[in-house]
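Readers should treat all values here as calculations from the given coordinates under stated rules, not as data from a laboratory. Keep in mind that what you see is a predicted model, and the values were worked out from it rather than measured. Counting neighbours? That spans all protein chains shown, and the Cβs are built from the backbone with ideal geometry, glycine included.
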Amino acid sequence: MAKITLSNLRHSYLPNPSGPADYALKEIDLDWQDGGAYALLGPSGCGKSTLLNIISGLLVPSEGRILFDDRDVTDLPPDQRNIAQVFQFPVIYDTMTVRENLAFPLRNRGVDEARIAARVSEIAAMLEVEEMLDTRASHLSPDNKQKISMGRGLVRDDVNVVMFDEPLTVIDPHLKWKLRSKLKELHQRVKATMIYVTHDQTEALTFADQVVVMQEGEVVQIGTPVELFERPQHTFVGHFIGSPGMNVLPAEEHGGGARFEGRHVALEGAVVGQGGTTQIGVRPEFVSLADAGLPARVRKVSDVGRHAVVEAMVGDTPVKAIVEGELPEQGAEVHLAFRPSHTRLYRDGWLSTEKEGSAAQ
Amino acid sequence: MKTENQRAWFFVLPVLLLVAFNALVPIMTVVNYSVQETFGNNVFFWQGLDWFEQILRSDRFQAALGRQFLFTFLILIIEIPLGIIIALSMPKKGMWVPVCLVLMALPMLIPWNVVGAMWNIFTLPKIGLLGYFMNDVLGISYDMTQNPFAAWVTIIVMDVWHWTSLVVLLSYAGLVSIPDAYYQAAKIDGASPWKVFRYIQLPKMKTVLTIAILLRFMDSFNIYTEPFVLTGGGPGNSTTLLSIDLVKIALGQFDLGPAAAMSLIYFAITLLVSWLFYTLMTKDDAK
């Protein structure tokens, strides 16, 4: 178990990077607390797997250091870092039984057989795979294979961190949920630091205590799932998290509030900074149909079960609202109201309004 | 509703005729010869299984069969490990990949009789480069036309030169299909290079290796052209492999009956050993 510090980390896959565009990772400074459950969330190609491989030692960063409990491990190979990694596709040793698979990392490190047997049965019980211990691993279903790859990571009691690289990609939807709660349970039992890489917000938000959102090689926001949802620091976070994502609407500053499509919109708090391109961000959850407000015309109504997503045109800008109960007709003239406490101004993508009072959150 | 009629036969019939024409009829002809004796003029006498008995009991057949097994055993035990080692040391990506692949494929593109002729000229004492080098530069007596041991070394080296590439290319195809994650996981699990080979690379190459071993077994067991061109089965009978012997009996002595019986035995052995190989190598997959 250890605290992991990434300091001034940069990485480029090119031998001679010239501009920021050549870097897959730009300036990462992060602390992962001992025993935390983290998710690394971002779209494909944002650098999250690169970051993961740097932590595990499969990649050496172009610049910067990685510290495990203040010990510099930047130049150590993976097997000396005491980390475990679970990959996108289950990696199992086909010719071995499940038991041999689980024992493999321990045998390679010369642990004595009695200790191995004890650890293997402990982990097998935790993963609920005891009855398949003597089956050939190649005969297992994908979700059990993935469990075994997890088990190989957890079997060592000296692991500093267990990393998951989109581990549920090949798992059937109905088993995904089961494995995910298994993971959460495992985290509570083994208390190891866990980092979970995914592009699926549901996986990230249900697994992690802290979510690190990445975009184009940069960390955009670190926060609890609630923080990410309630107060996105960047329009990207607002848009990426949520279903549908936050409405990001072109607007100008206007007397302590904002002006959108010629109408005044109230914001959560005072505006800070100046200049740049400004937008307002408001989640569809906080947009409602009202008697007065922004006039709009309903363009599309999609019923998603529990509620409906209404897309309405305010002038030339589409705005999404989540509506429960009675639904408007397509083409109907409606009025939209934004809840001021959740309407924020973004300047060049970054949040630039102050938090509403101390009562909020 | 399912309509039942015999129309499907019309779809199968052309294939059946074709197979009958190019496989069944010729094989049955051989079977036919193998149980009869002829003195020409298209007069045949029923002989029963006499030819089979005579062949199986003959020293000549047993010696040729022994040589055949020895040859196949030696080339397999050299070509398979060598092919795997070469495949393992080939680059996985980059500009050298196509270069290596083309170099590897070259020997297989050369016609078999040309391979025999090349190696004949190459190894002849005095005029051949290798023959000259061994005898006159190194002073090692090497003459595959006189010395049975030298002849054996030459046909084996020639086969290794000609066919190891097949094992290399098949193994290489198996190797490059292994996802990087396996190597990364092994690194994290602290596996030694030997364990990576034993538990990742070898199991992943198993299917293609099975094919490689089967192909090399069948080809080498039926080999004719190259040793025939190189040594003609000599010196003496020392490199007379089964097929060379068979051709001697059938076309040299025109003993159609014994030759037919011998080819059926030959065929049965090839089939049996291939089946054994295949069953043994794939038996783990069943359970």
message: Counting only other residues whose beta carbon sits under 14 Å from that of A:ARG347, what net charge do I get with K and R as +1, D and E as -1?
response: -3
message: Pairs on different chains or at least eight residues apart, Cα atoms closer than 19 Å: how many lysine pairs in the stretch B:57-286 fit?
response: 10
field: Lysine pair count for chain A [Cα-Cα under 16 Å; pairs on different chains or 8 or more apart]
entry: 12
field: Radius, Kirkwood style, for the protein assembly as shown when every pair of distinct Cα atoms is counted (Å)
entry: 31.7
- request: Count the net charge of all other residues whose Cβ sits under 14 Å from the Cβ of A:ASP316, scoring Lys and Arg as +1 and Asp and Glu as -1.
  value: +1
- request: Determine, for each peptide in B:264-276, A:51-63, the mean count of other beta carbons within 10 angstrom over its residues, then list the peptides with the highest first.
  value: A:51-63, B:264-276
message: Just to confirm my numbers, what's the Cα centroid distance between the stretch A:98-145 and the stretch A:1-37 in Å?
response: 33
field: For the stretch B:49-65, 3J(HN,Hα) per residue [Karplus equation, 6.51 cos²θ - 1.76 cosθ + 1.60, θ = phi - 60°, Hz, x = Gly/Pro]
entry: 8, 3, 4, 4, 4, 4, 4, 4, 7, 6, 4, 4, 5, 4, 5, 5, 5
statement: Among A:VAL219, A:GLY245, A:ALA266, the residue whose Cα sits farthest towards the positive end of the charge dipole of the stretch A:209-266 (+1 at Cβ of Lys and Arg, -1 at Cβ of Asp and Glu, taken about the Cα centre) is A:ALA266
- request: Report, in deg cm²/dmol and to the nearest 500, the calculated mean residue ellipticity at 222 nm for chain A, where each DSSP H run with n ≥ 4 adds -39500 (n - 2.57) and the sum is divided by the residue count.
  value: -7000 deg cm²/dmol
query: Can you give the % of DSSP beta bridges in the protein assembly as shown that are antiparallel, to the nearest 5?
result: 75
message: Out of all DSSP beta bridges in the stretch A:4-230, what portion is antiparallel? Express it as a percent rounded to 5.
response: 50
message: When 1/r is averaged over all different Cα pairs and the result inverted, which Kirkwood radius in Å belongs to the stretch A:233-320?
response: 14.1
query: Within 10 Å of each Cβ of B:187-200, how many other protein chain Cβ atoms are there on average?
result: 6
query: Taking chain B as a Gaussian network, Cα atoms linked when under 10 Å apart, which of B:GLY48, B:GLY234, B:GLY131 shows the biggest mean-square fluctuation?
result: B:GLY48
field: Cβ-derived FRET efficiency at R0 60 Å, A:GLU122 paired with A:ALA266, nearest 0.05
entry: 0.55
- prompt: For labels at B:PHE197 and B:PHE44 in the simple 7 Å Cα→Cβ model, what's the distance in nm?
  reply: 5.5
Shielding score for A:92-99, defined as the mean number of other chain Cβ atoms within 10 Å: 4
Long-range amide H partners of A:THR353 with built H, under 5 Å: A:VAL272, A:LEU345
Label-point separation, A:GLU131 to A:ASP316 (7 Å along Cα→Cβ), nm: 6.4
- request: Please give the length that would be gained between A:ASP69 and A:ARG189 if that part of the chain were fully extended, namely 0.36 nm times their separation in residues minus their C-alpha to C-alpha distance (nm, one decimal).
  value: 41.0 nm
statement: Label model pair B:ALA8, B:TYR278: point-to-point distance (7 angstrom along the Cα→beta-carbon line) in nm is 2.3
field: chain A: most fluctuating residue of A:ARG71, A:ARG81, A:ARG119 per GNM, C-alpha cutoff 10 Å
entry: A:ARG71
query: Hey, what's the Kirkwood Rh for chain B if you take every pair of different alpha carbons, in angstrom?
result: 22.5
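Just tell me how shielded A:135-145 is by partners: mean number of partner chain Cβ atoms within 10 Å of each residue's Cβ, no decimals.
Working: counts 1, 3, 0, 3, 2, 0, 0, 0, 0, 0, 0.
Taking the mean over all residues of the peptide, I get 1.
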message: Pick from A:ALA308, A:ALA124, A:ALA258 the residue whose mean-square fluctuation is largest in a GNM of chain A, springs joining Cα atoms under 10 Å.
response: A:ALA308
query: Net charge near A:PRO250, counting Lys/Arg +1 and Asp/Glu -1 over other residues with Cβ under 11 Å of its Cβ?
result: -2
